[in-house]
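Values quoted throughout were computed directly from the atomic coordinates according to the rules given, and no laboratory measurement underlies them. Predicted, not measured: the structure shown is a model, and the values here were computed from it. Virtual Cβ from ideal backbone geometry, glycine too; neighbours counted across all protein chains shown.
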Amino acid sequence: MSRKKVTVVGGGFVGSTTAQRIVDLELADVVLTDILDGPPAGKALDMMESGPITRTDSRATGISTSTGDYSATAGSEVVVITAGFPRKPGMSRDDLLKANYDVVKAVVEQIVKHSPNCIIIVVTNPLDAMAQAALKVSGFPKHRVLGMAGVLDSAFPFPICYRKNASTPSSSVRARAARRS
Ligand SMILES: NC(=O)c1ccc[n+]([C@@H]2O[C@H](COP(=O)([O-])OP(=O)(O)OC[C@H]3O[C@@H](n4cnc5c(N)ncnc54)[C@H](O)[C@@H]3O)[C@@H](O)[C@H]2O)c1
């Protein structure tokens, strides 16, 4: 059966978890990419091997883009960009601006070449600036470039804090994220 294809760029903490969730929920086949050689392939293999246990038929492929080859991502419907540097203690999200701009720009240039009709979801911080960079570099219309944040902001004050005090099951708490245009 042919499934939708999602590429997750950056196979670190956020990217690996994103890929794992998509595969486990059988939302799409996933291509996980990273500048590193080895880890993406190993993580994808782990996901495939756990498929019979988690009962998913989604396929995971891990590739290194250290040579600049993004051909394995071709035809993705959605591309999630988590590549870049995370904050270190004492750093603000804005401290990441220049380093992560270079990463996001290079990634988006390749993604656009191979998946010209995709939707880009940017996760890399500083989020608003990186989403804006992806919008400009891709040349996509704005409804196809999204920044993902606020899930943490919604989740933390409500389900997590509330549950700590009230032992309420998270299934009975609803969090809502608003969109800024
Ligand atoms: N928007 C949000 O809500 C949110 C939440 C958490 C983290 N973040 C941000 O997401 C980003 C990733 O966080 P993380 O904790 O997964 O970091 P991480 O260090 O675990 O993973 C980042 C990965 O990106 C890879 N990478 C670096 N340059 C690359 C390139 N040019 N191409 C492909 N891969 C490349 C690194 O090798 C690394 O594996 C950070 O910028 C972080 O601040 C955003």
From the backbone phi of segment 132-143, what are the Karplus-calculated ³J(HN,Hα) couplings (6.51 cos²θ - 1.76 cosθ + 1.60, θ = phi - 60°) in whole Hz, Gly and Pro given as x? 5, 4, 5, 4, 5, 5, 6, x, 6, x, 5, 6
Filtering GluC sites (Glu not before Pro) in segment 1-93 by DSSP loop and by at most 16 other Cβ atoms within 10 Å leaves E26, E77
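Within 10 Å of each residue's Cβ, count the other Cβ atoms and sort F13, F140, F85 from fewest upward.
In increasing order of surrounding Cβ atoms, one gets F13, F85, F140.
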Kindly put M130, M91, M148 in sequence by how many other C-beta atoms sit within 10 Å of each C-beta, fewest to most. M91, M148, M130
What lysines sit close enough to K113 to cross-link, taking a C-alpha to C-alpha distance under 24 Å and skipping anything fewer than 8 places away on the same chain? K4, K5, K98, K105, K136, K142
Taking Rh as the Kirkwood radius computed over alpha-carbon pairs of segment 5-149 and applying Stokes-Einstein at 20 °C with viscosity 1.002 mPa s, one gets a diffusion coefficient in µm² s⁻¹ of 142
